[in-house]
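The values are calculated or read from the model by the stated rules, or taken from the named source; none is laboratory data. Keep in mind that this is a model prediction, so the values were computed, not measured. Don't worry about glycine lacking a Cβ; one is built from the backbone with ideal geometry, like all the others, and counts go over all protein chains shown. The accessibility values were calculated without ligands, DNA or RNA, using every heavy atom of the protein model including side chains. Shrake-Rupley method; radii C 1.70, N 1.55, O 1.52, S 1.80 Å.
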Amino acid sequence: MDIKLAENIFHVTLFFPKFQFIRHSNVHLSTMISRMFFIAAVFQLTFEWAPAQEPLMYQIPPPEITRIVDAPPTPEVSVSPDNATIVLITRPGLISIEDLSAEELRLAGLRIDPSNNGRSRLRHSQGFKIMDIDGTNIRDIGGMPEHPRLGSAVWSANGKKFAFTNTNPFSIELWICDVSTLKARKIADNLNAIFGTPFQWLSDNVSILYSVTNPARGAKPAPGKVPKGPVVQENIGRRGQVRTYQDLLKDPDDEMIFEYYSMSQLMLWNGSNSASVGRPAIMTDISPSPDGKYVLTTTIDRPFSYMVPYDNFPHTVQIWDMKGNRIRTLLTKPLVEDIPRAYDAVLPGPRLFKWRGDKPATVYWVEALDSGNYENQMQYHDQVYVLDTPFNDIPAKLIATEMRYSDITWGKDDYALITESLRKTRKVKVSSFEPSNPQKSRRKIHEHGSDDRYSNPGTFMTAPNSFGMPVLLFADRGKSLFLTGTGASPEGDRPFIDKYVIASGKTTRLWRSEAPYHEAVESFIDLSKGIVLTTRQSITEVPNYFIRNLNNGKLIQITKFKNPYPDLAAIRKELVTYKRDDGVDLSFTLYLPPGYTTQQQSALPTMLWAYPRDFIDPAVAGQVRGSPYTFTRISPESPLVYLTQGYAVLMDVTFPILMAEGKEPNDTYIGQLIANAKAAINKAVEMGVTDPKRVAVSGHSYGAFMTGNLLANSRLFAAGIGESGAYNRTLTPFGFQSERRIYWDVPALYNAMSPFMRADQVKDPLLLIHGTADNNEGTFPMQSERFYAALKGFGATVRIVLLPYESHGYAARESILHKHWEVLNWMDKYVKHRNIE
């Protein structure tokens, strides 16, 4: 008798006692056995085709992986504006699934913790210590909360105090710490933090502007158990093309609850007590003027929308004084449900309101001159306007840009920088101008491709002024500036500092990071002496803070953080460059398990981890990213944990999707995807580290989309793992990633790029992982569920793992450990121990 069939007979007798051997039957034994064989065969088919539902508890991967996931995070550092003091911030480990299971409201694109009126799912710090900038005199702070759940340290302009939030089960509190006395104290309760950081220092270094929940809001509205009517939306002849947003309002009950939690009262603390500023409103942004006499506010109003998140609701931008009186309304914008998708398109009307950082109270903004459509032929496409106190004049034109406006970096009365860029051509241009005579004084400093990392000249350095606002860092009595950047090169990133002479436009290199270290500049500590604060690391040394003297090269270490991953101390890391068949340069970072050598051991099972990016210039598509001299920092969810289990990992494999012959990059997406994968595998095989028949492909989000497409269009991989992906592009019909065309423009493209449409062609095992509360545009959990159902329908080897309460990225310790358990089991079964015929 077939063993498998005999096992099924045993199970049949368990489920159907009346068929047990002839005990209560007159049926002949041979007839009974025949019937049992028939029933067993039916059950075998039933069990094989039944849905594979598993009542699975959270599982734990091997201890080597668990230790990495549970490794204590390295403390964070916050440096005071005067470069005299450092706050060391202790960070907690991962949150638990119990924390993640707490009540959460998903309204208007926000995720709200209703218990304290803040953002949900935040990871809070556990404590602060203070030390001097040279790393000495570490001391504790008195008066801190008993059970701290702390927000970031926000410094006053003079660096003598910092403010922070503390979150308790029922409220978010505002605290301040005086560095000189080492004392902390609470100054307010019930902050409303659903829109982000709910407080700002004023430039007097004493006062703080902050938002609290509406004091008159009363009890939370209770949704009606019995609907009062249907939910109706209507559109009459107006375009409304929007992406597939998550967490939107759904009905009038949601509208009331959103209003309840989003309504705020602005408050001003003067160092002794607090007073109300204006009336309660739904304030999404507050920004005090540099001199602390005014506040720029953005408030939103009804009608709300069920199609777009809150930042597209009707909103008003106003200037108030510090008593809440309206001084000037700058913008009243209606509901926006048609969001431009074309390259470099923007909404018509004013946008990007900010304070000028080098003036006491001057507001500026930008407005499209082309009605938001960059295809309109004209010399200038954006116009910057300014309005000075007392804000009752007609706004003045400041400077216009030929490309789309990006930003202004203010310096002084006679010098500022303006940056403009284009998404379609990937160009960035930086020019200097004199604010009092902008158009005639404009001078281009540099122009480069945003994708071209090798030619990027860096970013001009800034420092906080007396208002606490970032402005250009001048040297040589205003004659010079400084540039710093990643210093991308074929050898990897080599950060630098350059001096830029304004009159001549020439740069001089002051310093460059040298192998075998990767060192990056954080800020100047003493400009006159050439002393800077840097972070320095190597393959074996964790990042730490140092003080470097640019003049004599002297280096002083000021923090001594330790290696949190002793299990990976002996891993091998190598930056590898190679070419695609068409000559495009590519690279990946190769990680090999501790102790592995190609001379002594055979080729390894391998994971390829990637995320595709589109480019218009083949010459820059394969430029090296990262550095071979950085310490291997491993986030808890990183695929690098599989190094401990004998896998090689090809990390951050470059997967460029190029514009070819005037076509959009996605027009040849599949072919380029396969070419990228072949090139990476061939290079790893050529090096002797990878067994070509035992390679898994994996990625997160758009990387999961890549994974699905590679399995649906090639047989290069033994298996795939897709995390939080989208697999059917007809479910994102108004664009995705950098694709500007909509489904109805190029339906064949949307179908060709959807692995869902080729589910019948997936012949290799695919593991799908998705959070049930994914909040990312387009990656609804349904994407994985429908793909799984399609694959199952064609008999593919596929498994879906839905992680309860998890968002687009996974947060709970239990979820992350279980994810590693799933991935490792999948790779062990279908990659490492794959049966090769």
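Which order do you get for PHE756, PHE170, PHE482, PHE794 if you rank them by accessible area with a 1.4 Å probe, largest at the top?
The residues order as PHE170, PHE794, PHE756, PHE482, largest area first.
Kirkwood radius, segment 147-284, all distinct C-alpha pairs, inverse of mean reciprocal distance: 17.7 Å. Let me know the shape class of the chain, please: from the alpha-carbon gyration tensor, a ≥ b ≥ c as square roots of the eigenvalues, rounded when a/c is under 1.5, otherwise prolate if a/b is greater than b/c, or oblate. Taking the square roots of the gyration eigenvalues as a ≥ b ≥ c, the chain is prolate. The accessible area of TYR642, taken with all protein chains in place and a 1.4 Å probe, comes to roughly 10 Å².
Packing order of peptides 278-285, 404-411, highest average first: 404-411, 278-285 (average count of other Cβ atoms within 10 Å over each peptide's residues).
Helices that extend 20 Å or more along their long axis by alpha-carbon positions and average at least 1.6 on the Kyte-Doolittle scale are absent among the DSSP H runs of the chain. Separation of segment 246-288 and segment 509-524 by C-alpha centroid, Å? Taking the Cα centre of segment 509-524 as reference, the centre of segment 246-288 is 44 Å away. Taking every alpha-carbon pair within segment 624-780, the share separated by more than 27 Å comes to 27 percent. Put the Cα centre of segment 750-820 next to the Cα centre of segment 141-178 and the gap is 40 Å. Using a cut-off of 20 Å between Cα atoms, the listed pairs LYS186/LYS359; LYS579/LYS678; LYS424/LYS663 include LYS186/LYS359 as exceeding that distance.
Of the GluC sites (Glu not before Pro) found in segment 573-673, those that fall in a DSSP loop while having at most 12 other beta-carbon atoms within 10 Å are GLU661.
Cα centroid distance between segment 400-470 and segment 319-389, in Å? Rounded to whole Å, the Cα centres lie 18 Å apart.
When GLU806, GLU785, GLU814 are compared by accessible area of protein heavy atoms, the largest-first order is GLU785, GLU814, GLU806, using a 1.4 Å probe. Probing with 1.4 Å while keeping every protein chain in the model, the per residue accessible area of segment 400-444 equals 42 Å². Only protein atoms count toward the accessible area here, which uses a 1.4 Å probe; on the chain, the carbon and sulfur part of that area reaches 52 percent. Backbone amide hydrogens, once placed in the peptide plane, bring ILE399 within less than 5 Å of VAL384, excluding anything fewer than 5 places away on its chain. Using C-alpha pairs under 8 Å with a sequence gap of at least 6, the mean separation divided by the residue count of the chain gives a relative contact order of 8 percent.
Shape of segment 374-486 from its Cα gyration tensor (a ≥ b ≥ c, root eigenvalues): rounded if a/c is under 1.5, otherwise prolate when a/b > b/c, or oblate? All intermediate terms of the calculation are to be shown ahead of the outcome.
On the way: a/c = 1.97, a/b = 1.04, b/c = 1.89.
Verdict is oblate for segment 374-486.
Rounded to the nearest 20, the size of the Cβ-charge dipole of segment 425-510 about its Cα centre is 360 debye, with Lys and Arg at +1 and Asp and Glu at -1. Candidates VAL532, TRP609, PHE588 compared by Cα position along the dipole of segment 524-617: farthest toward the positive end lies VAL532, with charges placed on Cβ. Ranked by the mean number of other Cβ atoms within 10 Å of their residues, highest first, the peptides 740-747, 822-829 fall in the order 822-829, 740-747. Here LYS228 is the anchor, and the aspartates and glutamates within straight C-alpha reach of less than 17 Å, apart from those fewer than 8 places off in the same chain, are ASP251, ASP253, ASP254, GLU255. Over segment 77-231, the hull volume per residue, using the convex hull of the C-alpha atoms, is 147 Å³.
Only Lys, Arg, Asp and Glu carry charge here, each on its Cβ (+1 for the first two, -1 for the last two); on that basis the chain has a dipole of about 420 debye about its Cα centre.
Take 392-399, 470-477 and order them by the average number of nearby Cβ atoms within 10 Å per residue, most first; the result is 470-477, 392-399.
Given in Å, the Rg to one decimal and the Dmax to the nearest whole number for the Cα atoms of segment 273-386 are 16.0, 56. Listed here are the pairs LYS129/LYS323; LYS444/LYS479; LYS293/LYS333; LYS506/LYS529; LYS792/LYS832; which of them are more than 28 Å apart at the Cα? Table pairs above 28 Å Cα-Cα are LYS129/LYS323. Placing unit charges on the Cβ atoms only, positive for Lys and Arg and negative for Asp and Glu, gives segment 777-837 a dipole magnitude near 180 debye about its Cα centre.
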